[in-house]
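Read the structure below first, then the notes.
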Amino acid sequence: MALLASPSAAQSSPSIVFVTSTVHNGDLGGLVGADAICQARAVAAGFPGTYFAWLSDSTGSPLTRFVQSPGPYTLGDGITVVANNWDDLIDGELNAFINVDETGGKVFDNVWTNTNADGTVRFSGNSCNDWSSSSSLTSGAKGNSGFDNAVWTKGSTNRFCDVNLRLYCFQQIELPDPQISPAPTYEIDLSGCEFVADTTNIGTVTCTFEANGDSNHVVNSVLKGPDCSAEANTGLTRENPDFTSDGETSTYAVSVSINNNALGEGDESVAFCIQAFVKAGGSTDVYAQLGQKIQLDVATDGSFSFDTTPAVADTISAEADALDTTLTVGAYQCDDSGTLTSSDLSLGDTLYICIDGDQDAVIVNAVNNLQAEKSGVSVSPLSIIDDGPTIANDAITAVYNTGTNKVIVTTILPLAFFEDSGAITVSGNADISAGGSSRQLSIGMGKEVISRPVVGADSAKFNLKVGVIPVSDPWDDKELWEDVKLKEMPNSAARVPQAFKISATAVFAALVLFWW
């Protein structure tokens, strides 16, 4: 799963775009004043909604201030499409000129912008002192409404701030709440085991597992001793060790060949354990596991038994603070609806992290990095989102609602974080803005409120603690058995396994006679 800012374009209304019929010098009253001009012109024309000016200075830009619509941008007629969506708008080529004002008149004229085609600030100094100056000694960067290439916003020359130019105005649509999807479910269960006797060696045990995970999850296994911890005894060979899925569900089969020397003199059974693991695609971290104990009891009636009980409990427990946030944004563990929760996390649970500002004006533009840490964990710190921002593994992590007041991150943590009861610390930072105006941000959420004014874009750090319910002994014996009959051996002395021939115990003597 990748960065998700909103639902599909089919669910979003068009955003109206126009150039103003009025002209203005560089003293616009800052970005807020320019927005007010756009709003007034839209109201006069009977256009619905909220309008911002396509304008940049040291306090903000369209990239940091605008709702990045997944739907089309159209002229005031609602028909002529300027861009199919936000990404199309900022690719440097418009589908149509923005050359119609709010009255319907055609305009081919210079427009105040100081904005690159990708919506970022063009110059740090060519903004008429943050759009507060009408002096002929200062200048501002402009575009031209007679172009549909990058020149529409990025003209070749500047204008002194005493000159009167127009503004581009963009409607800011209200996006519906996104559908928050949980991280993939990682689990593995035994379907069954089958024994096939061999004419030369003892035979082969094949166990089949059903696994779930992301669309490219990996299932592999290791062979262990009877207690699922020590190394396996000699005489056992594992086949089909690794498997990569091509969907969220998979069937994994692993076979273990049992040679004659696996059964020592005096032994009445062969016992071993298959440990099966599910890993996320592109990751070496384990997200689900199962310990399958196998015991082959050799008896005169030709029967044997499997211990088919998973040796992993899926419950986890710990005392931990539900919230420990700092600095300028609220960060807390939540559910898929964005509601605060302090529930301890179990292995396989989706971790929902809500990051929001204390005031409605605060916009969280991006989560720049995110990591999970826990003392004594070999994979700690685990990078969830790298600097950039770049999601470390988009098969298990998604970011919803960027460009709004509240961002929700969904992810799932590997087994290593659930092996004891210590709490997990999740930390990171987010890019925030408030539409170019000063605002107060606070940590809130039941903690002492700490707030400070911030102007323009800022990087806000946050951290929180998540309690976990630790797994029990991962290879615990649950005493569940399945009986399976051995296939008959041919009545040929030449095919009797040598291990049985040399056995001196009464049990194996009886077994040899039975097979003979």
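Go through the stretch 143-186 and give me each residue that's hydroxyl-bearing (Ser, Thr, Tyr), at pLDDT below 95 and surrounded by 20 or more Cβ atoms within 10 Å (Cβ to Cβ).
Passing the criteria: only TYR186.
Condition first: part of a loop (DSSP other than H, G, I, E, B) and in contact (Cβ under 8 Å) with a residue 24 or more places away in the chain. Now tell me which residues in the stretch 12-47 satisfy that.
SER12, SER13, PRO14, THR20, SER21, THR22, VAL23, ASN25, GLY26, LEU28, GLY29, PHE47
Select from the stretch 213-258 the residues that are among the hydroxyl-bearing types (Ser, Thr, Tyr), within 29 Å of the chain's Cα centre (by Cα) and in a loop (DSSP other than H, G, I, E, B) and write down the one among them that is surrounded by the fewest Cβ atoms within 10 Å (Cβ to Cβ).
Restricting to residues being among the hydroxyl-bearing types (Ser, Thr, Tyr), within 29 Å of the chain's Cα centre (by Cα) and in a loop (DSSP other than H, G, I, E, B), the top hit is SER215.
Would a scan of the stretch 45-52 turn up a residue that is farther than 20 Å from ASP177 by Cα, out of contact with any strand residue (DSSP E or B) (no Cβ under 9 Å at 6 or more places or on another chain) and not aliphatic (A, V, I, L, M)?
yes
Could you check ASN25 against (1) crowded, with 16+ Cβ neighbours inside 10 Å; (2) in contact with a strand residue (DSSP E or B) (Cβ under 7 Å, 6 or more places away or on another chain); (3) modelled with pLDDT of 95 or more and say which number it fails?
(2)
The values are calculated or read from the model by the stated rules, or taken from the named source; none is laboratory data. These figures come from a predicted structure and were not determined experimentally. All Cβ positions, glycine included, derive from the backbone under ideal geometry; neighbour counts span all protein chains shown.
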